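Here is the structure we will look at.
The values are calculated or read from the model by the stated rules, or taken from the named source; none is laboratory data. None of these values were measured; they are calculated from a predicted model. For neighbour counting, all protein chains shown are included, and Cβ atoms are generated from backbone atoms with ideal geometry for every residue, glycine included. Each accessible area value is taken on the protein alone, full model and side chains, heavy atoms only, with ligands, DNA and RNA left out. Shrake-Rupley method; radii C 1.70, N 1.55, O 1.52, S 1.80 Å.
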Amino acid sequence: SIPAFLQRAVYYLMGTKFKCNLSGLDKAMLSGPELKNFFELCCRMLAFIDNDIIFNYYIHPWKQLPRALRVLLLKEKAGLSGLSTVLREENGRIRYLFLNADGSQDSGIDIGDLNQSALDVRVINYRKGFLEIDGFFDGAAFLEDEPFEVYGALTQGSKIIQKLPAKRTEVYDLLRCFGVTYARKYGIHLEIPVESLCETGKDLSFFVNYKEKPFRLGLGFTTINSRLLWYSQKSYWLFADGRYMLTRKDRSFCVRKNSPGRLLKQEAMFLAVLALQKNRKEAFTCVTKRLLYWLMRPFFRKKRIWVTFDKLYKAGDNGEYMFRYCQTQNDGIDCYYVINKDAGDCRKLEKEYPRRILYAGSWKSRLICLQAEVILATHAGTATYLGLGGSIQKYFKNLFQADNICIQHGLSMQDIASFQNRLYANTKLYCCASPYEFRNISRPVYGYRPEMLKMTGLARYDGLKSREQRQILITPTWRKNVVQVKGVGMHNDHSSVFRETAYFRIYNSLINDPQLIGCAKEYGYRIVFLLHPAMSAQIDDYDRNDYVELVQATGDMNYEQILTESSLMVTDYSGVQYDFAYQRKPIVYYHPDELPPHYHDSGLDYETMGFGPICTNHEQLISCLCSCIRGGCRTEEQYVKRADDFFAFRDFDSCKRIYQEVLKFENDLHS
């Protein structure tokens, strides 16, 4: 008999390995045979830990393993013990039974309760007279492959008046750990005419039908675009230009026509709830700012405000290009740019546009973003970039009404559906630069309707006019297993173990190669090694020489200048390859086996679509680079043709097309 405290301690230590590598947190430390061996060892260890501890041992919810992963661990443990598993339902409670080879019951454990299950509402929208709801059914984690159905219904109290079929969606629903899918969520999408919900006494509820039994689902609201709060029925959302109000009553949605009196009453009740949050200082500040929002609302109501941003610690990307373009338009739209106050680019932009720069995290910035019509977003996690994430989200989520337009940070050619899908930031339009990118984003896993994808080009491409200065640019992308990325708008800390990595060894050897340096000197080329922003803190780790300039992609570094002045690029998988190919300049890819990418390309086959030759070892790369330098850094015709085929435009009018598409979308929306 192993003491329970020891079982809990060992299980917790094992669980942290899984917890730290869930979904996007995966550090790519284990894969293939190593991962398989690790998982088998974990399951063998679980044989010494009670099922109740594996599944129900309570720790802080943020540190608990996902239910689907705990179910998987139970199942694998049973398999190692020669037991089979079967589900049983009794009054909504789902029990996992472990059976011996002869069919007799060995043991069992409760793994879920349909009476306590919920629809995790991710996005609520209003579009052309319809209320649209997207969410995930959390009970799918324990029902496994058992047949069930999730649907909506018009209800009066406990009575179902009309069943409303909910469409099963394929928007990114994977549950992953160590980069491997271990389960899938159950996504649904429901559309219902708003007027049908406004009839007195009718509400909207969601049910799961399991073994011919309907169970009413609870409602969870986990994102800023889910509009409401799960713990308060006083929260609400105004939509359709304030004509309707959405509230929650127990496990149902209520939609009623709005009026000044209804709004005043609901807001007063909601403010009372918000004022009583545990963090009283934060509550006082946020409630005060919420009141300020309402005081500002009459002044801003008829204004058209657009907001954009880039990396908060640096400008110079698609956001700045769109911001500058918007300033040239005289159509009554006020465009603002969000950036860190201490960023070097902030001072420059303030001098040019003193009334249009917002300091990231300031209350002025937050309040203007809440009044905005459009957010031109370059990165996922829009609310966090605007200072509306974290603990203050609950105070303002029902006021955040801006349409999120993705103008991208780089082309979406990788398999990045986990954070670029439609639901992640409630994206209304997605701007593309290539038909191949369009094809990638069109896949069901991203969840976009065809009319939501626009072929415009990227805004920063308008500045990519070649001004070659006989310069060789070496710029690899980063790796999750090499550095730990900090929060939005923050510089990464230096990693003390960086010099021990293959990444350092490979690129330190490249930038100090005497043959490459000698060839560059002979033909009058200088070499620049540009560190990715996530890797810039490691600049002092590299061995320096008198010929290669090491540049951090932070501070005053200008991407446009370095890309237009360079004659030849060496990269692995970095997105700036597209900026270089857009100029039809030569690229050499460096893909050593020791440095696999942490994103998988789903739209670009480097062998048949890449914009240059691929090298897999140091000697091959040096030979290829020296040959290219001796040839005057000219792009081979086959790669020029590939670039011509890849890009939709080459006319330096991307900002104009993006602006017109967004303007058309907004005008149609409010017509």
_It is to be established whether one or more residues within the stretch 149-158 are open to solvent by 40 Å² or more (accessible area, probe 1.4 Å), under 18 Å from Pro214 (Cα atoms) and either part of a strand (DSSP E or B) or in contact with a Cys (Cβ under 9 Å, 6 or more places away or on another chain) (or both)._
yes
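Kindly indicate which of Glu352, Glu373 is more than 25 Å from the chain's Cα centre (by Cα) and either surrounded by fewer than 16 Cβ atoms within 10 Å (Cβ to Cβ) or under 25 Å from Cys286 (Cβ atoms) (or both).
Working: Glu373 fails: more than 25 Å from the chain's Cα centre (by Cα).
Going through Glu352, Glu373 in turn, just one is more than 25 Å from the chain's Cα centre (by Cα) and either surrounded by fewer than 16 Cβ atoms within 10 Å (Cβ to Cβ) or under 25 Å from Cys286 (Cβ atoms) (or both): Glu352.
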*Which condition number in (1) farther than 30 Å from Gln329 by Cα; (2) in contact (Cβ under 8 Å) with a residue 60 or more places away in the chain is the one that Lys656 fails?*
(1)
*Residue satisfying all of: in the stretch 276-311; touching a strand residue (DSSP E or B) at 6+ places or on another chain (Cβ under 8 Å) and open to solvent by less than 10 Å² (accessible area, probe 1.4 Å); modelled with the lowest pLDDT among these*: Asp310
*Looking only at the stretch 135-148, which residues are of a type in the set (Gly, Ala, Ser) and either within 18 Å of Leu65 (Cα to Cα) or open to solvent by 70 Å² or more (accessible area, probe 1.4 Å) (or both)?*
Gly139, Ala140, Ala141
_Filter pass, Gly361 being open to solvent by 10 Å² or more (accessible area, probe 1.4 Å), in a loop (DSSP other than H, G, I, E, B) and touching a Lys or Arg at 6+ places or on another chain (Cβ under 7 Å)_ = no
*In the stretch 544-557, which residues are more than 11 Å from Leu530 (Cβ to Cβ), open to solvent by 70 Å² or more (accessible area, probe 1.4 Å) and not basic (Lys, Arg)?*
Asp546, Asp556
_I need a count of the residues in the stretch 119-129 that are of a type outside the set (S, T, N, Q), open to solvent by 10 Å² or more (accessible area, probe 1.4 Å) and modelled with pLDDT of 95 or more._
3
_Being assigned to a loop (DSSP other than H, G, I, E, B) and more than 21 Å from Gly316 (Cβ to Cβ) is the filter here; which residues of the stretch 651-667 pass it?_
Asp651
*Any residue at all in the stretch 477-490 that is more than 18 Å from the chain's Cα centre (by Cα), on the phi < 0 side of the Ramachandran plot and surrounded by 20 or more Cβ atoms within 10 Å (Cβ to Cβ)?*
yes
*Consider only pairs whose beta carbons are under 9 Å apart and that are at least six residues apart or on different chains; among these, list those whose first residue lies in the stretch 385-399 and is under 13 Å from Arg227 (Cα atoms) and whose second residue is assigned to a loop (DSSP other than H, G, I, E, B) and acidic (Asp, Glu).*
none
_All positions within the stretch 362-382 that are more than 18 Å from Met322 (Cα to Cα) and modelled with pLDDT under 95_ = Gly381
*Report, by residue number, each residue of the stretch 485-542 that is within 23 Å of Met569 (Cβ to Cβ), without any contact (Cβ under 8 Å) to a residue 24 or more places away in the chain and charged (D, E, K, R).*
Arg505, Glu522
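Of everything in the stretch 584-610 that's of a type outside the set (Phe, Trp, Tyr) and open to solvent by 60 Å² or more (accessible area, probe 1.4 Å), which residue is nearest to the chain's Cα centre (by Cα)?
Ranking the candidates gives His600 first.
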*asked:* Within the stretch 97-109, take every residue that is open to solvent by 50 Å² or more (accessible area, probe 1.4 Å) and in a strand (DSSP E or B) and give me the one that is farthest from Gly79 (Cα to Cα).
replied: Gln105
_Leading residue by the ranking (nearest to Ser412 (Cα to Cα)) among those in the stretch 564-583 that are open to solvent by 10 Å² or more (accessible area, probe 1.4 Å) and outside any loop (DSSP other than H, G, I, E, B)_ = Val576
*Could you check Tyr503 against (1) closer than 28 Å to Glu619 by Cβ; (2) part of a helix (DSSP H, G or I); (3) out of contact with any Lys or Arg (no Cβ under 7 Å at 6 or more places or on another chain) and say which number it fails?*
(3)
